[in-house]
Amino acid sequence: MRVLLVEDNQLLAQGVVLSLAKEGIQVDHLCSYNQALAALDNEDFSAIILDLGLPDGNGEDLLKHWRKAGVSLPIIVLTANTDFDTRLNCLDIGADDYLSKPFDVRELVARLRAIVRRQHGLDNNQFSFGALTIDFTRCEVHFREQLINLPRREYQLLLEFAQSAGRVLTRSQLEQLTYGWDEVGSNSIEVHIHHLRKKMASELIKTVRGIGYILAEIQ
């Protein structure tokens, strides 16, 4: 999962980035309204965490702009404002969830995973696709009833395929969803896909020539 965090409090943002990284969630951080406006033009994210009190604009206006522009990504609003009307307004104009500061990062992680699963039609804590099963709560992968141990990057990549089951993902999309702006290696995605195929089945992830890759439903 790759998340965009829009938060001007550098100390808080740093804590969120580090805490979410421990959970296998890649976070790209921006601290202003204007930076966030352009962030979705050429980048792929799984969700957005949005602070309302930005130094150069209002987070509610940014949320409204994104929804009017057709951005359908799940958005969690973070704010120190506990006013009930503000909360209702954010939900009315398109927020998927709302978390008041201060908050427990464990709750933020749980809410993030829940809204991303709902976005992809995965309403429970488990994904099953042929012989592949992923337990989101335990971060466990089983293939043909065997537990498969995956390092963080391979698990993240497999999650992206699971959340897009039936859809072809390009190499660029996979890089952006799995890595941050400064972390992509020249052949990292291909290496991870090779490892996933080797650990489970060579036909699990199919190459769609000239386009990208797709998760195959095999028994």
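The values are calculated or read from the model by the stated rules, or taken from the named source; none is laboratory data. Since the model is a prediction, treat every value here as computed from it, not as a measurement. Please note: Cβ atoms are built from the backbone with ideal geometry, for glycine as well, and neighbour counts cover all protein chains shown. Calculation scope for accessible area: heavy atoms of the full protein, side chains included, ligands and nucleic acids excluded. Shrake-Rupley method; radii C 1.70, N 1.55, O 1.52, S 1.80 Å.
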Segment Q35-L11, length gained on full extension (0.36 nm per residue, minus Cα span): 6.8 nm
The range 83-219 - accessible surface per residue (Å², probe 1.4 Å): 54
R87 paired with H195, simple spin-label distance in nm, labels 7 Å along Cα-to-beta-carbon: 4.2
Those trypsin sites (Lys or Arg not before Pro) in the range 83-139 that DSSP places in a loop and that have at most 14 other beta carbons within 10 Å: R138
Percent carbon-and-sulfur accessible area, the range 46-173, ignoring ligands, DNA and RNA, probe 1.4 Å: 45
Antiparallel %, DSSP beta bridges [both residues in the chain], to 5: 50
Electrostatic dipole magnitude of the chain [Cβ: Lys, Arg +1; Asp, Glu -1; Cα centre; debye, to 20]: 900
Net length gained if the chain between S100 and L18 were fully extended (0.36 nm per residue, minus Cα distance): 27.6 nm
Compactness of the chain as Cα Rg over 2.2 N^0.38 Å, two decimals: 1.05
Qualifying GluC sites (Glu not before Pro) in the range 1-80, DSSP loop, other Cβ atoms within 10 Å at most 15: E43
